[in-house]
Amino acid sequence: MLPMGNSRLLDIYFNKTRPGVYSADLQKAISGFLSVSIDPVLGWRGMINHMSNVRAPRMDPRDTFPDQILPQFRYDPATNQFGARGDVYDHTVNVYGVIPNTPVPGMAKFAQRPLDNVGLQYGLKALNDGKITVDQFLDLNEVIGGFDIDFNHVPNRTVHYKDATKRAYQGGRILNGGGGLRSMAIITRMGAGDLAVQGDVHVRYHAQAIRQRLINANGDADNQAIYGNLAPMDMMIRQMNAWLTAVKADNSDRSLREKVIANRPADVVDACWRTANEADKIVEPQTLNGPGQCNVLFPVGLSPELVAGSPLSVDIIKCQLKAIDMNDYKVSFSTQQRAKLQAIFPTGVCDWSKKGVKQAKSRTWASFGPSPVNQVFDVQDRRRHGDDDDDD
């Protein structure tokens, strides 16, 4: 489960399951977000509310439709099971494929989803930092739940469709640092939403996640510079133009990636800007909560997945599992609490040292049929059947 889904689950937990129990500071510690405020009437206002409510239509098949799709043609689980579904997964059904072999009327056309939160330890960092108690950690993970196919909250955690998960990677739905990005000149301008009062999905850690994905794929991120959100846009365009012009003029026998790195302009380096004035520049490595002036001026929040122990790349849809290891916790559990932890995670917890289940390299210009060029799978042949390949 990636940020939008986890934000909705936390929104439900804080607002409906345990309303009034958690202070704003505790909510920030558990979610990782920096923007949280509580209205006694309206509930959450801030990052979690924004991520879970404003973006929920991308995940709920009933919420949002263009006017051209008249109400009688829209999906309704009771009155129109075969109607159009308006979520991001169903409008990408040619990538994910449909749910195979279902006896439930209507579901024969629903898209598979690359969503999973089995083994995810919500609030793990908050627990180890002493921000929440063991009992709060256990309660959160016991009742957090998941979503059914219609994005209704349910008690059980969400289990992924393995075919959809693999295709999300292969088809580039999860950004990969290899492929074309390996040899691309990249200036990443960070988002500015971390402290937005009403929340904003354009947050700073995304820039760091991209960098980590580049490092994972290529061994380094020497073709990327990270800029603060106040970096002047005209300056960035001018710098990128100079960079690409130099690469174009490089007639050496070096690879394109080598040319991009070798011809990177001297002034294209990690930096933030105190203001939108080009001269008001602070040159220093842009890190996730590391030392330096930039992180003091512009704090970087986390995400629920990073608080749960995810690597900085935040690119694991379905984690591999491992047996519970009490050495992973910096606080003591009683015998009863250990037993409850085991009951909450009977199949184990996320092993973030391993790549995700079905995690694969993206395929440039992937085909989902009928073209055989770079074909990932042919949706026309497999609409009613899941892939039968082995797990990676």
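Read the figures in this text as sums done on the coordinates, not as results from a lab. What you see is a predicted model, and the numbers here were worked out from it, not measured in a lab. Cβ atoms come from the backbone with ideal geometry, glycine included; neighbour counts cover every protein chain shown.
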### Message
Let me check the size of the chain from its C-alpha atoms; what are the radius of gyration and Dmax in Å?
### Response
22.6, 69
#### Entry: Residue with peak Gaussian network fluctuation, the chain [Cα springs, cutoff 10 Å], from V143, V95, V203
V143
### Task
Identify which of T188, T287, T79 has the largest mean-square fluctuation in a Gaussian network model of the chain, with springs joining Cα atoms closer than 10 Å.
T79
### Task
Mind grabbing the base-10 log of I(q)/I(0) for the range 229-276 at q = 0.15, 0.23, 0.32 Å⁻¹? Debye formula, identical points on the C-alpha positions, no solvent, two decimal places.
-0.45, -0.82, -1.19
### Query
Of the cross-linked pairs K166/K361; K16/K318; K318/K361; K125/K166; K131/K318; K28/K355, which ones have a Cα-Cα span greater than 20 Å in the structure shown?
K16/K318; K125/K166; K131/K318; K28/K355
### Query
If R0 is 41 Å, what FRET efficiency do you get for D63 and V21 from their C-beta distance, rounded to 0.05?
0.90
### Query
Taking all pairs of different Cα atoms in the range 179-304, averaging 1/r and flipping that mean, what Kirkwood radius in angstroms comes out?
15.4
### Task
Send over the Kirkwood Rh of the range 258-351, from the inverse of the averaged 1/r over different Cα pairs, rounded to one decimal Å.
17.6
### Query
With each pseudo-label sitting 7 Å past Cα toward Cβ, what's the W352-Q81 distance in nm, one decimal?
4.2
### Message
If you build the convex hull over the alpha carbons only and average its shadow over all orientations, what do you get for the range 164-222? Give it in nm² to one decimal.
### Response
5.0
### Task
Take the chain, connect every pair of alpha-carbon atoms lying under 10 Å apart with a spring to form a Gaussian network, then pick out the residue of P232, P114, P103 with the largest mean-square fluctuation.
P103
### Query
When a footprinting reagent is the concern and you count Cβ atoms within 10 Å, what order do S362, S371, S7 take, fewest first?
S371, S362, S7
